[in-house]
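Just below is one structure, and these are the notes that go with it.
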């Protein structure tokens, strides 16, 4: 059987529930301004080329998955960050694999 909770020995101060910011009535979807925001031609061109320059959208690149030891990957990340030559892990792997392939290819096929 549960016992009823006892009232605190000191009176509890009542606090009003006031919102921290003024309440604003939400707009209906029909009331929202959905017109496109005007953009300068330079910004428009930048937006268009930004979508094209990524490796994911470049047909010359292929995404692959490999298994690496965590310690190896972490050391590689640290080394890349410390070099600060703006080369990412993908570029490092490309350089290493290209070098290895060129060593495997006979001289006449190069």
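The values are calculated or read from the model by the stated rules, or taken from the named source; none is laboratory data. This is a predicted model, so every value here is computed, not measured. Counting neighbours? That spans all protein chains shown, and the Cβs are built from the backbone with ideal geometry, glycine included.
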Any pair with Cβ under 6 angstrom, 6 or more apart, that starts in region 46-60 at a residue that is closer than 16 Å to residue 94 by Cβ and ends at one that is part of a loop (DSSP other than H, G, I, E, B) and at pLDDT 70 or above: 55/61
Filter result for residue 55 (modelled with pLDDT of 80 or more, surrounded by 10 or more Cβ atoms within 10 Å (Cβ to Cβ), assigned to a loop (DSSP other than H, G, I, E, B) and out of contact with any strand residue (DSSP E or B) (no Cβ under 9 Å at 6 or more places or on another chain)): yes
Top-ranked residue in region 58-76 [being more than 18 Å from residue 97 (Cβ to Cβ) and surrounded by 10 or more Cβ atoms within 10 Å (Cβ to Cβ); ranked as nearest to the chain's Cα centre (by Cα)]: 74
